[in-house]
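Below is one structure, written out as structure tokens; comments come after it.
The values are calculated or read from the model by the stated rules, or taken from the named source; none is laboratory data. Small disclaimer: the values here were computed from a predicted structure and weren't measured. Here Cβ is always computed from backbone atoms with ideal geometry, including for glycine, and neighbour counts include all displayed protein chains.
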């Protein structure tokens, strides 16, 4: 296994892997480089640097630091999030007002809201808040993409049974999913989880609109997600890019694969279908470690190793593919969130990053399993992974629309995070 998945401490330096880096040997890191028409200039080399407050570093090519070495993610948190975020206060009055609004809107429906349930801590605790605290009638919506591990399936069953929830499972056509996922690997871009993420997102919203459920409850929250992965690590919901990649590399028509482009979601669903996305976890004191302990004691819920590791594909993508091919480690933004939320120390985060994302033997098993399931040999799969690195700029994309949307949301005060677009 390539040693580029090992994480550096402040005193170590980076090893450049193609156009990207992992923290091992060299002392420089290039800015993001596209192999497409958008950027044909040589990369500008910059010294490796890690934030003195969190653990974000120059593998985020657009990161900036002040004279004290504090990054722009932390400065944005202080300026635009901390003044409005009350992590140590239960905003129960506001939460119950929201609950009454949702109940009123759905009083004539079987379910007054819908929530996606993955088996992870955020969505599981959200289900508890929705049913037991807010008194809602949520439908638990599960999307089977073909990759969930037993721990996720077991957790879902325990939460659904423990809370006496109704559950609907949408199974994605496996042959279409596999064809799209293999197309993405052949594309050489970093965002390999798009086929799963988009299917989960689209299936939920399409179902909600079809069945006139106007409120979507999400487990996204400021306590764990105010620092998002830079767009060069994990790209946005760009259906234009996905369809272009599939057109170039796919072999099977996507007849039933669920889709929901940004215009459909942001405009048609929101303003014409009256869809609302709400964030209940931002109204309660949400300490993830304590929530995990609570879920285990009350429902028998079990924790898994890292965020999103309830899924074998995502475990391989985040734990091996991104660090190995691009030098990106999504644990950095996850741990940086926890540092700013005050749930771990920076020193604890650095110690975690000094360990590989996951076991080498397990990674090899995952690689062989994924290759077989996608219909290629392990050797062919490895050759695809080792192919040229590409970015969304190498394909048709809607980046201009994404940037415009983020800019408008920031202008209107609807987006406070320091999104990299």
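Quick notes on this structure:
- With respect to the conditions (1) in contact with a helix residue (DSSP H, G or I) (Cβ under 6 Å, 6 or more places away or on another chain); (2) crowded, with 20+ Cβ neighbours inside 10 Å; (3) under 16 Å from residue 122 (Cβ atoms), residue 292 lacks only one, and its number is (2).
- Check on residue 229, over 25 Å from residue 96 (Cα atoms) and either buried (at least 17 other Cβ atoms within 10 Å of the Cβ) or touching a residue at least 12 places away in the same chain (Cβ under 8 Å) (or both): yes
- Tally, over segment 105-127, of residues that are surrounded by fewer than 16 Cβ atoms within 10 Å (Cβ to Cβ) and either in contact with a strand residue (DSSP E or B) (Cβ under 9 Å, 6 or more places away or on another chain) or in a helix (DSSP H, G or I) (or both): 1
- Filter pass, residue 159 being surrounded by 23 or more Cβ atoms within 10 Å (Cβ to Cβ), at pLDDT 95 or above, closer than 30 Å to residue 85 by Cβ and out of contact with any strand residue (DSSP E or B) (no Cβ under 6 Å at 6 or more places or on another chain): yes
- At least 2 residues being at pLDDT 95 or above is the threshold, and among the helices (runs of 4 or more DSSP H) wholly inside segment 173-258 those reaching it are 174-187, 194-210, 239-249.
- Failed item, numbered, when residue 69 is tested on (1) in contact (Cβ under 8 Å) with a residue 40 or more places away in the chain; (2) surrounded by fewer than 16 Cβ atoms within 10 Å (Cβ to Cβ); (3) more than 30 Å from residue 273 (Cβ to Cβ): (1)
- When residue 329 is tested against (1) touching a strand residue (DSSP E or B) at 6+ places or on another chain (Cβ under 9 Å); (2) part of a helix (DSSP H, G or I); (3) touching a residue at least 60 places away in the same chain (Cβ under 8 Å), just one condition goes unmet, and that condition is (2).
- With respect to the conditions (1) within 20 Å of the chain's Cα centre (by Cα); (2) in contact (Cβ under 8 Å) with a residue 60 or more places away in the chain, residue 298 lacks only one, and its number is (1).
- Taking segment 341-372 as the range and being in a helix (DSSP H, G or I), surrounded by fewer than 16 Cβ atoms within 10 Å (Cβ to Cβ) and touching a residue at least 12 places away in the same chain (Cβ under 8 Å) as the test, the residues that pass are 360, 364, 369.
- Index of the failed condition, residue 219 passing every other in (1) surrounded by 15 or more Cβ atoms within 10 Å (Cβ to Cβ); (2) over 16 Å from the mean Cα position of the chain (by Cα); (3) closer than 23 Å to residue 123 by Cα: (2)
- When every residue of segment 82-99 is checked against the conditions, at least one turns out to be surrounded by 16 or more Cβ atoms within 10 Å (Cβ to Cβ), out of contact with any helix residue (DSSP H, G or I) (no Cβ under 6 Å at 6 or more places or on another chain) and at pLDDT 95 or above.
- Filtering segment 264-280 to residues that are out of contact with any strand residue (DSSP E or B) (no Cβ under 9 Å at 6 or more places or on another chain) and touching a residue at least 12 places away in the same chain (Cβ under 8 Å) leaves 265, 266, 269, 273, 274.
- Answer residue from segment 100-119, given it is at pLDDT 95 or above and in contact with a helix residue (DSSP H, G or I) (Cβ under 7 Å, 6 or more places away or on another chain) and is nearest to residue 290 (Cα to Cα) among those: 117
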